[in-house]
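Asker: I have a structure here, written as structure tokens, and I will follow up with some questions on it.
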């Protein structure tokens, strides 16, 4: 029987992948605006913080272990080398895939290869990713080739291993820090607690800490999943190294803050300072204490939890530095949309699945592979069956997983395609109902127009003039405010309620009153609104003569199309002598007489006055 | 009521279609993969795959089917299948809704003809149910699923007829409309997971039956000989 733990775990990963696949389709079909909560002021969100910055940092395990094993010659950690390189390769792969989602024009991703802009920090980042991904692929090659017929290639790559390893260590040293340089160029955006001239160095040191914790985390979770004895000896050794590395990072960070006279900021009580303290606590302080306790180092569970805490802490650090710590400068609120979480988790899940696949088919851990292959062989021998309804031949073992996983994937995809937003959310402001009949403040947001209702009435012919603007009223009402129907500042409103009409017109028998007897029922042949509402809603208006659709245009259009034609006509009236009446400034103007009268009657609220 | 209708004709409908399309795609892929694995394992690998494939496709042609052994049953089934395939896809009202939803449209059936097909399908379904009851073998072999799907299709067609002819509809319009929508959505949701999957899998069914006889080399030949059909696939 297959291992239940790994079966359930992979099922969950497949489900998340299905969700992400659905979101991915919509992201490419409808763009970033629909798929994310990002905006022009917050262009870097979860995807950059987690997938790119976090992915690169998570992959640091690769070079850290390579350095420990091959440069410091600590053979004790050899067993961790192949899994660590695999993790690093997948981490960098995740970065590349994540970028394809996050870039506005993902098909330009190859540009840095051809168009060199050597003054750009991103240029360095792009080249490091490309080169290091290649190097990691070369480092991984022997593992993949070892049990294949391509023995010559295997021997070739094995001989290449050491120089490549050294190249890899160099490149990732460069790259971990170049991500820091990326933030170095925005001193006015990154919050002071995170900003430092030593950001590249800080990123590098923290990547080492994160890499160590990541190797421990990944090693203990795979041994739990495959029910294998954890390599406690190796883990506790790594924990000791990690404790030293973390202490160094902590000291480095504190000295750096001290040198910049920013220590006080840590306790300033702002939410940024609290976030910073929290981040330092879970990423550094807590793990240092725990890794130093012998009791923790002896317990696989405790090590697993501690390394997870530290990993989460450092991922949070990357998200903070590249996103959250910039909110104070942009003053825009950003919280990732669920679709962003789906993509990020989906990429991680896909990496996990590839990791398991390689682990189960290639000698990442030769000993482990033998056990897995023995299990697989027993499963293969079981008797086949046919599915009762679909008449499909069913096997056991991995074929069962094929069915269950594909089912989960497909269901998740269906859910994702149903729920994910299909268009950019309409940016709109609800309209404030204008107050009073004397002077109305028309519109909302920073652009008010002070409309002298009474003067307009007097100038245009007294009570008879109402109909010049009020073209439509709610049934039985007169002079219904425009905002009752033109409800969105920029988007049109549907004012027609089908349900209410069915109820008012006499239930099911009344369909024919509007739709006639023609079949199929279509909207082209439906009775016009004015066919019933001529008397109770419409007035003879010179601008809006008809009423035959259910959508009232946006408030802005309603105002412009109503006010401007009359103003334009009156501007050439010599008696009135207002030649500028047809221009924007006639209404969009501050300091008018109407404004003064209005403000005297309704002094602005304090928070309104504070608005820019 | 407005909210319920909104949900049923909005997200739920999209979900049903997604499960339908993706689920069918999955079934086809899984079937092909599994058949391949079964073939690899079979003791006797002389499987006339393309012959069987063509043979199963040949059953779509009604004339071939009606020449079979149970003519009346096949005729009832043909009526039902004609309605089931043509009405949902080519009813003018459906096409109009699809055009409004995603902008695609195609030629439609004249209203009178689709009404006729609907009534014929209802008749066919009733006949199928009757034949199922009348025949002892079908009565004992029938499962809950067989009866449930029969009833579900009947409800979907009947409510559809009433939605199109509100005058002859005994129930409030919204109720019958919801019943029709929910019935149709349930069918879409069930297609990939029940025997309705034959809508997509029928070309493979024969191959998988045949393969069953190939696991033990020579098993199929013995059966053929005792059926007096030596030389043909089982």
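Computed from the coordinates by the stated procedures, all read-outs in this text should not be read as laboratory data. Just so you know, these numbers come straight off a predicted model, no measurement behind them. FYI the Cβ positions are ideal-geometry reconstructions off the backbone, even for glycines, and counts take in every protein chain you see.
Asker: Rounded to the nearest 10 degrees, what's the angle between the helix A:121-145 long axis and the longest principal axis of chain A, both from Cα atoms, 0 to 90?
Answerer: 40 degrees
Asker: Same structure, new question: With an 8 Å Cα cut-off and a minimum separation of 6 or more residues, compute the relative contact order for chain A in percent. Show your work: numbers first, answer last.
Answerer: Working: 791 pairs, mean separation 114.9, N = 612.
Rounded, it is 19 percent for chain A.
Asker: Shifting gears a bit: With each label point set 7 Å from Cα along the Cα-Cβ vector, what nm distance links residue A:232 and residue A:293?
Answerer: The answer from the label model is 1.6 nm.
Asker: Now for a separate question. What full-extension length gain, to one decimal in nm, is calculated for residue A:267 and residue A:3 as 0.36 nm per residue of separation minus the Cα-Cα distance? Present the calculation step by step, with values, prior to reporting the outcome.
Answerer: On the way: separation 264, 0.36 × 264 = 95.04 nm, distance 4.97 nm.
Full-extension gain reported as 90.1 nm.
Asker: Other chains' Cβ within 10 Å of B:26-37 residues: what's the mean? Mind showing how you got there, number by number?
Answerer: Working: counts 7, 7, 0, 3, 9, 5, 1, 6, 11, 2, 1, 8.
If you average over the peptide's residues, the count of other-chain Cβ atoms is 5.
Asker: May I ask you to work out the translational diffusion coefficient for the protein assembly as shown at 10 °C, viscosity 1.306 mPa s, via Stokes-Einstein with Rh from the Kirkwood sum over Cα pairs, reported in whole µm²/s?
Answerer: Details: Rh = 33.7 Å.
Reported coefficient: 47 µm²/s.
Asker: Considering the Cα positions of chain B, please state its Rg to one decimal place and its Dmax as a whole number of Å.
Answerer: Looking at chain B, its Cα Rg and Dmax stand at 20.9, 65 Å.
Asker: Between residue B:199 and residue A:497, what is the label-point separation in nm under the 7 Å Cα-to-beta-carbon projection?
Answerer: Label at residue A:497, label at residue B:199, 3.7 nm between them.
Asker: Using a Förster distance of 35 Å, how high is the FRET efficiency between residue B:40 and residue A:28, based on the Cβ-Cβ distance and rounded to 0.05?
Answerer: On the way: r = 37 Å, r/R0 = 1.06.
Given R0 = 35 Å and the Cβ-Cβ separation, E is 0.40.
Asker: Stick to Cα atoms and the Kirkwood definition of Rh, then tell me Rg/Rh for the stretch A:229-364.
Answerer: Numbers: Rg = 18.3 Å, Rh = 17.5 Å.
Result: Rg/Rh = 1.04.
Asker: Further question on the same structure: Can you work out the FRET efficiency for the pair residue A:252 and residue A:373, with r the C-beta to C-beta distance and R0 = 51 Å, to the nearest 0.05? Before the final figure, lay out the partial values.
Answerer: On the way: r = 46 Å, r/R0 = 0.91.
E between residue A:252 and residue A:373, to the nearest 0.05, is 0.65.
Asker: Then there's this: Could you sort A:214-221, A:418-425 so that the peptide with the highest average Cβ count within 10 Å comes first and the rest follow in order? Mind showing how you got there, number by number?
Answerer: Values: A:214-221: 24.2, A:418-425: 14.5.
Ranking, from highest mean packing down: A:214-221, A:418-425.
Asker: Then there is this: Work the Kirkwood hydrodynamic radius out for the stretch A:258-324: mean of 1/r over every pair of different alpha-carbon atoms, inverted, in Å. Present the calculation step by step, with values, prior to reporting the outcome.
Answerer: On the way: mean 1/r = 0.0767 Å⁻¹.
Answer for the stretch A:258-324: a Kirkwood hydrodynamic radius of 13.0 Å.
Asker: Take every residue in peptide B:9-21, count the Cβ atoms of other chains within 10 Å of its Cβ, and give the average of those counts. Can you show the working numbers first?
Answerer: On the way: counts 0, 1, 2, 1, 1, 5, 6, 2, 3, 9, 7, 1, 3.
Average neighbour count from other chains, rounded to a whole number: 3.
Asker: Could you list log10 I(q)/I(0) for the stretch A:472-550 at q = 0.17 Å⁻¹, which the Debye formula gives when each Cα is one point scatterer?
Answerer: Here the Debye-derived log intensity ratios amount to -0.80.
Asker: Mind jotting down a quarter of the surface of the convex hull over the alpha carbons of the stretch A:435-609, in square nanometres, one decimal? Can you show the working numbers first?
Answerer: Values: hull surface 51.2 nm².
Its Cα hull, projected and averaged over all orientations, spans 12.8 nm².
Asker: Beyond 21 Å, what share of the Cα-Cα pairs of the stretch A:147-284 is found? Please give it as a whole percent. Show your work: numbers first, answer last.
Answerer: Working: 5566 of 9453 pairs.
I get 59 percent for the Cα pairs in the stretch A:147-284 exceeding 21 Å.
Asker: What FRET efficiency, computed as 1/(1 + (r/R0)^6) with R0 = 35 Å and r the Cβ-Cβ distance, is obtained for residue A:224 and residue A:72, rounded to the nearest 0.05? Write down the numbers at each step before the final one.
Answerer: Details: r = 28 Å, r/R0 = 0.81.
My answer for the efficiency is 0.80.
Asker: Still on this structure: What full-extension length gain, to one decimal in nm, is calculated for residue A:115 and residue A:156 as 0.36 nm per residue of separation minus the Cα-Cα distance? Present the calculation step by step, with values, prior to reporting the outcome.
Answerer: Values: separation 41, 0.36 × 41 = 14.76 nm, distance 3.34 nm.
Additional length available on full extension: 11.4 nm.
Asker: Once the Cα gyration tensor of the stretch A:73-180 is diagonalised, what are the square roots of 5 times its eigenvalues, in whole Å and ordered largest first, as equivalent ellipsoid semi-axes? Working shown, then result.
Answerer: Working: eigenvalues 163, 52, 35 Å².
For the stretch A:73-180, the ellipsoid semi-axes come out as 29, 16, 13 Å.
Asker: When the distances between all Cα atoms of the stretch A:148-214 are binned every 5 Å from zero, what whole-number percent does each bin get?
Answerer: Taking all Cα pairs of the stretch A:148-214, the binned fractions are 4, 16, 16, 16, 13, 10, 8, 7, 5, 4, 2, 0 percent.
Asker: In addition: Which order do peptides B:84-96, A:586-598 fall in by mean Cβ count within 10 Å, highest first? Each step should come with its number before you reach the end.
Answerer: On the way: B:84-96: 17.5, A:586-598: 14.4.
Sorting B:84-96, A:586-598 by mean packing, highest first, produces B:84-96, A:586-598.
Asker: Let me ask something else about it. Can you bin every Cα-Cα distance in the stretch B:74-126 into 5 Å intervals starting at zero and give me the percent of pairs per bin, rounded to whole numbers?
Answerer: Calculated P(r), rounded to whole percents: 5, 23, 26, 19, 13, 9, 4, 1.
Asker: What is the distance, in nm, between label points placed 7 Å from the Cα along the Cα-to-Cβ direction at residue B:143 and at residue A:526?
Answerer: Result: 4.5 nm between the two label points.
Asker: Next question. Treat the stretch B:78-172 as a sphere of radius equal to its Kirkwood radius over Cα pairs and apply Stokes-Einstein at 37 °C in a medium of 0.692 mPa s; give the translational diffusion coefficient in µm²/s, rounded to a whole number.
Answerer: Values: Rh = 14.7 Å.
Estimated diffusion coefficient is 224 µm²/s.
Asker: Would you mind putting A:322-332, A:347-357, B:104-114 in packing order, based on average other-beta-carbon counts within 10 Å, highest first?
Answerer: Details: A:322-332: 17.5, A:347-357: 19.3, B:104-114: 13.3.
The densest-packed peptide leads the list: A:347-357, A:322-332, B:104-114.
Asker: Let me ask something else about it. Size of the stretch A:1-68 along its principal axes in angstrom, Cα-based, largest extent first?
Answerer: 48, 38, 14
Asker: Taking the Cα atoms of the stretch A:45-328, what is the range of coordinates along each of the three principal axes, in descending order and whole Å?
Answerer: The Cα atoms of the stretch A:45-328 stretch 62, 55, 30 Å along the principal axes, largest first.
Asker: Quick one: angle between helix A:398-419 and the longest Cα principal axis of chain A, in degrees between 0 and 90, rounded to 10, please.
Answerer: 20 degrees
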